[in-house]
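Take a look at the structure set out below.
The values are calculated or read from the model by the stated rules, or taken from the named source; none is laboratory data. The model shown is predicted, which means the values in this text are computed figures rather than measured ones. Quick reminder, even Gly has a Cβ in these numbers, built from the backbone with ideal geometry, and neighbours come from all protein chains shown.
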Amino acid sequence: MIRAIDTDLWVAEQPLKYFGLEVGTRMTIIRLSGNQLMVISPIKMDNANINYLNQLGEVIYIIVPNLYHHLFVAEFQHYYPHAKLWAVSGLERKRPDLQIDKIISNNSINRIDGVEYILVAGFNTFDLQGYSALNECVFFHAKSQTLIVTDIVFHFDEKSPPKTKLLAKMLGAYNQLRPSLLEKFATTDKTKVKGSMQQVFSWNFERIIMAHGSIIEQHGKSQLKAGYEWFLEVNL
C-alpha cells in the first residue's frame with residue numbers, strides 16, 4: 001500500500017526476487033505544483049494503490065531511473081497513458097516497445113519544479129550476463145531534504161530476510177549504506193563516479209530512499225559519503 005513519508009512524498013513497496021533472493025523493490029511518488037505527480041520506478045499496481053494514487057493528484061511523469069527498473073512500466077503506462085515517460089539513456093534500445101518521451105542523458109544537475117536530478121556516470125552493476133552499465137538517475141526532493149536513488153546503493157539490515165542478510169554480509173553491504181563488492185569490482189571508471197557523487201553531495205539531504213532495503217531517515221548524507229569513500233577508495 002502507498003504510504004506517506006513526508007510532505008508531498010510517498011512510497012509503495014512490493015516483494016521482488018533477484019537471483020532467488022528476496023530484495024523487495026520500492027516506488028517513490030513526488031507531488032509537484034498543481035497536484036501533478038512524478039512516479040519514480042513504478043511497481044505492479046493493484047486497485048487499492050491506483051485509487052490512492054489518483055486521490056493524490058494527476059500522474060504527469062513516469063520515470064525509469066536506470067536500465068534495470070523497467071519491468072512494470074508498460075503496465076503502469078496502461079493506467080496513465082497521458083503521462084510523459086522519462087527514461088535513462090540506453091533503455092530505448094533495451095525496451096524498444098516503450099514509447100519514451102524524454103531520454104535522460106545529461107551528467108549535470110537538472111531541475112524540474114522543485115526536484116533536481118543527475119545521471120550518475122561510470123557506475124557498473126552485476127547481472128546474469130556479467131557486468132554492465134547501470135545508467136542511473138538520482139533525484140533530490142528539496143522540500144523534504146530527501147535523496148531518491150535506485151540501485152547505486154543498498155541498505156539491507158535486520159529487517160531483511162535471513163538469506164538476504166547473509167549474502168549482504170558476505171558482500172560487505174550489510175547494515176551499510178553503500179554498493180556491494182560486486183559493484184565495487186565491476187566499476188572501473190571510478191573517476192566518473194566520483195565526479196557525479198560530488199555533485200550529489202552538494203545537495204542538502206537528510207533522508208535517503210532507495211529501491212532495495214530500509215529507508216534511511218536521519219544522517220543519510222554522512223552515511224552515503226562513508227559508503228562511497230569505501231566504494232571509490234578515495235575521500236570525497
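Condition test on I43, is it of a type in the set (V, I, T) and at pLDDT below 95?
Against the criterion (of a type in the set (V, I, T) and at pLDDT below 95), I43 does not qualify.
Where residues in the stretch 199-214 are assigned to a loop (DSSP other than H, G, I, E, B) and not aliphatic (A, V, I, L, M), which of them is nearest to V120 (Cα to Cα)?
F201
From E233, E217, grab the single residue that is among the acidic types (D, E) and without any contact (Cβ under 8 Å) to a residue 40 or more places away in the chain.
E217
Please indicate, with yes or no, whether at least one residue in the stretch 178-198 is assigned to a helix (DSSP H, G or I), of a type in the set (G, A, S) and within 20 Å of K165 (Cα to Cα).
No, because not a single residue in the stretch 178-198 is assigned to a helix (DSSP H, G or I), of a type in the set (G, A, S) and within 20 Å of K165 (Cα to Cα).
This table checks each residue for (1) touching a helix residue (DSSP H, G or I) at 6+ places or on another chain (Cβ under 9 Å); (2) surrounded by 14 or more Cβ atoms within 10 Å (Cβ to Cβ); (3) among the charged types (D, E, K, R); (4) closer than 26 Å to V39 by Cβ.
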| position | (1), (2), (3), (4) |
| --- | --- |
| S160 | yes, yes, no, yes |
| K163 | no, no, yes, no |
| G172 | yes, yes, no, no |
| N175 | yes, yes, no, no |
| S180 | yes, yes, no, no |
| E206 | yes, yes, yes, yes |
| M210 | no, yes, no, yes |
| E217 | no, no, yes, yes |
| F231 | yes, yes, no, no |
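Checking the structure you have, find out if any residue of the stretch 38-50 is in a helix (DSSP H, G or I), out of contact with any Asp or Glu (no Cβ under 8 Å at 6 or more places or on another chain) and among the polar types (S, T, N, Q).
yes
I'm trying to understand the selection: among the residues of the stretch 49-76, which are over 19 Å from R26 (Cβ atoms) and of a type in the set (S, T, N, Q)?
Correct list: N51, N54, Q55.
If I filter the stretch 135-158 for residues that are β-branched (V, I, T) and more than 28 Å from N107 (Cα to Cα), do I get at least one hit?
no
I need a count of the residues in the stretch 21-45 that are more than 24 Å from L167 (Cβ to Cβ), buried (at least 23 other Cβ atoms within 10 Å of the Cβ) and not hydrophobic (A, V, I, L, M, F, W, C).
Number of matching residues: 2.
Going through the stretch 62-82 one residue at a time, which ones are hydrophobic (A, V, I, L, M, F, W, C), without any contact (Cβ under 8 Å) to a residue 60 or more places away in the chain and in contact with a helix residue (DSSP H, G or I) (Cβ under 7 Å, 6 or more places away or on another chain)?
I62, V64
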